[in-house]
Ligand code: P6P
């Protein structure tokens, strides 16, 4: 930390991580992984802010495993994230929204953490310069899934990688996101609450600006894509209708269409973000591993809740890497109110 001219301490992300390591909250290896992720986010922030200038808007001309047309920045952001994690030497296995299967990292020589990430979520907003974000989750290495590159056949390696990443969010050591918006804000938890760091372009460092974020216990903002209303089940429609009753006053609707932006606002202002299952997407749209679980970990660390409508998201054990689940996340009272409606 350095003293500001007005006497206030500047706490950088690097300094904060070193303090967590000094206090025994995290070990040196995890510090290095988190630093490599913050470097990837700085690079992606720069790419996103110059997308239109450097001809990085538009489609890459390929589709990902989800069958979604990849944007150029999806592909570049995935490379940036993967390269930063590989060069950390502490990442054993990575799983990305943009990759068909999880991969073992040969450069890993210590730590061997498992990292899951969505390198650029909400990228359909890039061409309109609407906020986007990167999301990550970190698990401790699974001793049974250590890859032996000399002896393990590729199929054995792949099986170990899938097992290593398909863990319930309850096992997360850390999760976080970086939002690329009017500010670039890196938000994370290592299990001792949620902290936000704003990128100061003058020094190229993330500086602590949100010390121990607490989601308000309730909040009159709901964030759903109501264009799907007619596809929802009746109990959900009843819940949605209840938010619009004028007495005492209706909720406000806020929907960016970018999970990181909608979630960050919910963390700070309260309310509820939801992406329900519907007739078109019977298990919802968002992915458990690198969207719903990391965000639910943060929500709980900030005193809120993350549910699939019937159970805690962090209790769900993934069967598949790209498994989708419904997500309702935000203020404790708002999520509990929704769960009550869905129970009928
Ligand atoms: P819809 C973006 O594609 C995303 O994965 C999330 O960032 C966002 O919250 C959601 O999908 C938006 O989906 O169907 O409302 O456009």
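Has the range 82-90 got any residue that is within 16 Å of the ligand (Cβ to nearest atom) and either in contact with a helix residue (DSSP H, G or I) (Cβ under 8 Å, 6 or more places away or on another chain) or in a helix (DSSP H, G or I) (or both)? No, there is no match, as no residue in the range 82-90 is within 16 Å of the ligand (Cβ to nearest atom) and either in contact with a helix residue (DSSP H, G or I) (Cβ under 8 Å, 6 or more places away or on another chain) or in a helix (DSSP H, G or I) (or both).
Could you run through the range 127-170 and say how many residues are within 14 Å of the ligand (Cβ to nearest atom) and closer than 19 Å to residue 30 by Cα? Working first, answer last.
Of the range 127-170, the ones within 14 Å of the ligand (Cβ to nearest atom) are 127-128, 130-135.
Those still in the list that are closer than 19 Å to residue 30 by Cα too: 134-135.
Going through the range 127-170 one residue at a time, the tally reaches 2.
Checked against (1) surrounded by fewer than 17 Cβ atoms within 10 Å (Cβ to Cβ); (2) more than 16 Å from the ligand (Cβ to nearest atom); (3) in contact (Cβ under 8 Å) with a residue 40 or more places away in the chain; (4) farther than 13 Å from residue 222 by Cα, residue 310 meets all criteria but (3).
Taking the listed residues 108, 124, the one that is within 25 Å of residue 77 (Cβ to Cβ) and within 16 Å of the ligand (Cβ to nearest atom) is 124, with no other qualifying.
What tally of residues in the range 295-307 results from selecting those that are within 13 Å of the ligand (Cβ to nearest atom) and over 28 Å from residue 230 (Cα atoms)?
Looking only at that region, the number is 0.
The criterion of being within 24 Å of residue 287 (Cβ to Cβ), touching a strand residue (DSSP E or B) at 6+ places or on another chain (Cβ under 6 Å) and in contact (Cβ under 8 Å) with a residue 40 or more places away in the chain does not hold for residue 12.
Inspect all residues belonging to the range 192-212 and state whether any of them is within 16 Å of the ligand (Cβ to nearest atom), touching a residue at least 24 places away in the same chain (Cβ under 8 Å) and crowded, with 17+ Cβ neighbours inside 10 Å. Spell out how you get there, then give the answer.
Pass one, the range 192-212, residues within 16 Å of the ligand (Cβ to nearest atom): none.
Looking for residues that are within 16 Å of the ligand (Cβ to nearest atom), touching a residue at least 24 places away in the same chain (Cβ under 8 Å) and crowded, with 17+ Cβ neighbours inside 10 Å, one finds none in the range 192-212, hence no.
Condition check for residue 167 on (1) surrounded by fewer than 22 Cβ atoms within 10 Å (Cβ to Cβ); (2) in contact with a helix residue (DSSP H, G or I) (Cβ under 9 Å, 6 or more places away or on another chain); (3) more than 22 Å from residue 34 (Cα to Cα): one failure, at (3). Criterion applied to 65, 25 was being surrounded by fewer than 16 Cβ atoms within 10 Å (Cβ to Cβ), modelled with pLDDT of 95 or more, part of a loop (DSSP other than H, G, I, E, B) and on the phi < 0 side of the Ramachandran plot, and the one residue passing it is 25. Within the range 260-276, is there a residue that is more than 25 Å from residue 169 (Cα to Cα) and away from the ligand (no atom under 14 Å from the Cβ)? Among the residues of the range 260-276, not one is more than 25 Å from residue 169 (Cα to Cα) and away from the ligand (no atom under 14 Å from the Cβ), which makes the answer no.
Only one of the listed residues (238, 252, 218) is farther than 30 Å from residue 18 by Cα, away from the ligand (no atom under 16 Å from the Cβ) and touching a strand residue (DSSP E or B) at 6+ places or on another chain (Cβ under 9 Å). That residue is 252. All told, residue 236 falls short of being over 15 Å from residue 334 (Cβ atoms), touching a helix residue (DSSP H, G or I) at 6+ places or on another chain (Cβ under 9 Å) and buried (at least 18 other Cβ atoms within 10 Å of the Cβ).
Every test in (1) in contact (Cβ under 8 Å) with a residue 24 or more places away in the chain; (2) more than 19 Å from the chain's Cα centre (by Cα) is passed by residue 107 save one, and that test is (1).
Determine whether residue 118 is under 16 Å from the mean Cα position of the chain (by Cα), touching a residue at least 60 places away in the same chain (Cβ under 8 Å) and within 16 Å of the ligand (Cβ to nearest atom).
Working: under 16 Å from the mean Cα position of the chain (by Cα): yes; touching a residue at least 60 places away in the same chain (Cβ under 8 Å): yes; within 16 Å of the ligand (Cβ to nearest atom): yes.
Judged against the criteria, residue 118 is a match.
Residues that are outside any loop (DSSP other than H, G, I, E, B) and farther than 30 Å from residue 11 by Cα do not occur anywhere in the range 193-216. Determine if the range 223-230 includes at least one residue that is surrounded by 15 or more Cβ atoms within 10 Å (Cβ to Cβ), in contact (Cβ under 8 Å) with a residue 12 or more places away in the chain and more than 16 Å from the ligand (Cβ to nearest atom). No, the range 223-230 contains no residue that is surrounded by 15 or more Cβ atoms within 10 Å (Cβ to Cβ), in contact (Cβ under 8 Å) with a residue 12 or more places away in the chain and more than 16 Å from the ligand (Cβ to nearest atom).
When the range 45-59 is filtered for residues that are in contact with a helix residue (DSSP H, G or I) (Cβ under 9 Å, 6 or more places away or on another chain) and under 18 Å from residue 135 (Cα atoms), the ones remaining, listed by number, are 47, 48.
The values are calculated or read from the model by the stated rules, or taken from the named source; none is laboratory data. Remember, predicted model here, so these are calculated numbers, not experimental data. FYI the Cβ positions are ideal-geometry reconstructions off the backbone, even for glycines, and counts take in every protein chain you see.
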